[in-house]
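Student: Have a look at this one before I ask anything.
The values are calculated or read from the model by the stated rules, or taken from the named source; none is laboratory data. Since the model is a prediction, treat every value here as computed from it, not as a measurement. Because the Cβ atoms are built from the backbone with ideal geometry, glycine has one as well, and the counts that use them run over all protein chains shown.
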Amino acid sequence: MSADRDAASESVRDRHVVLIGLMGAGKTTVGQRLASRLARPFVDTDDLVEATAGRTVAQIFADDGEPAFRALERAAVADACASPTPLVIAVGGGAVVDPESRRVIEAAGIVVWLRASAAELAARVGRGEGRPLLAGATAPAEMLERLARLREPSYEAVADVTVDTDALDPDTITDRVLEEVAACAA
């Protein structure tokens, strides 16, 4: 075990690390790597929603609409953040817009905003298959830019640290998150 990992593990031992950001920012990919390096479980709130509903996020949006999805997401965020076991939690990109979810996320532990430009996000998510907010979008980068403008104040309000992810590979992003989390927790 490296000294960096030891320090990061010590500083966050009893706290969740919560990853926020727009779709394509790297929350799931980085979250899984981070959880492995911190030797703790990883939870993606979208996975919790899908397990609870027995349907994909896209199906929930199509069948029941966004408000129904957001209610399920609010419950998933609360459940994950209430875990007595410290977790790495990837929170759906829009969860921070909900005031109750934002309060829960902020109180849960160290909140890391994975930030990327709309162009970078669009390159990562491609045509946005399985991403309901991009369904039918002829210009995903423009939709992502609009979402960024709408959500940025909420991300800023809850983030303890921000890690810019443009042009970085997942391992480099994970390294930066570990450094920032260790500094924040010190």
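Student: Among the residues of the stretch 163-183, are any aliphatic (A, V, I, L, M), without any contact (Cβ under 8 Å) to a residue 24 or more places away in the chain, buried (at least 17 other Cβ atoms within 10 Å of the Cβ) and within 21 Å of Ala119 (Cα to Cα)?
Tutor: Taking every residue of the stretch 163-183 in turn, at least one turns out to be aliphatic (A, V, I, L, M), without any contact (Cβ under 8 Å) to a residue 24 or more places away in the chain, buried (at least 17 other Cβ atoms within 10 Å of the Cβ) and within 21 Å of Ala119 (Cα to Cα).
Student: Restricting to the stretch 125-160, count the residues that are surrounded by 16 or more Cβ atoms within 10 Å (Cβ to Cβ), modelled with pLDDT of 70 or more and not acidic (Asp, Glu).
Tutor: Here the count works out to 10.
Student: Considering the stretch 168-186 alone, what residues qualify as being of a type in the set (A, V, I, L, M, F, W, C) and under 14 Å from Val30 (Cα atoms)?
Tutor: Leu168, Ile173, Val177, Leu178, Val181
Student: Return only the number of the condition from (1) in a helix (DSSP H, G or I); (2) under 21 Å from Val104 (Cα atoms) that Gln59 does not satisfy.
Tutor: (2)
Student: What are the pairs with Cβ atoms under 6 angstrom where one residue, in the stretch 39-54, is farther than 13 Å from Ile89 by Cα and the other, located anywhere, is among the acidic types (Asp, Glu)? Sequence gap at least six, or different chains.
Tutor: As it stands, the answer is Val49/Glu73, since those pairs meet every condition given.
Student: While we're looking at this one, here's another question. Could you tell me which numbered condition Lys27 fails, if it satisfies all but one of (1) out of contact with any helix residue (DSSP H, G or I) (no Cβ under 9 Å at 6 or more places or on another chain); (2) more than 23 Å from Pro170 (Cβ to Cβ); (3) not aliphatic (A, V, I, L, M)?
Tutor: (2)
Student: Tally time: how many residues in the stretch 105-123 are surrounded by fewer than 22 Cβ atoms within 10 Å (Cβ to Cβ) and in a helix (DSSP H, G or I)?
Tutor: Qualifying residue count, the stretch 105-123: 6.
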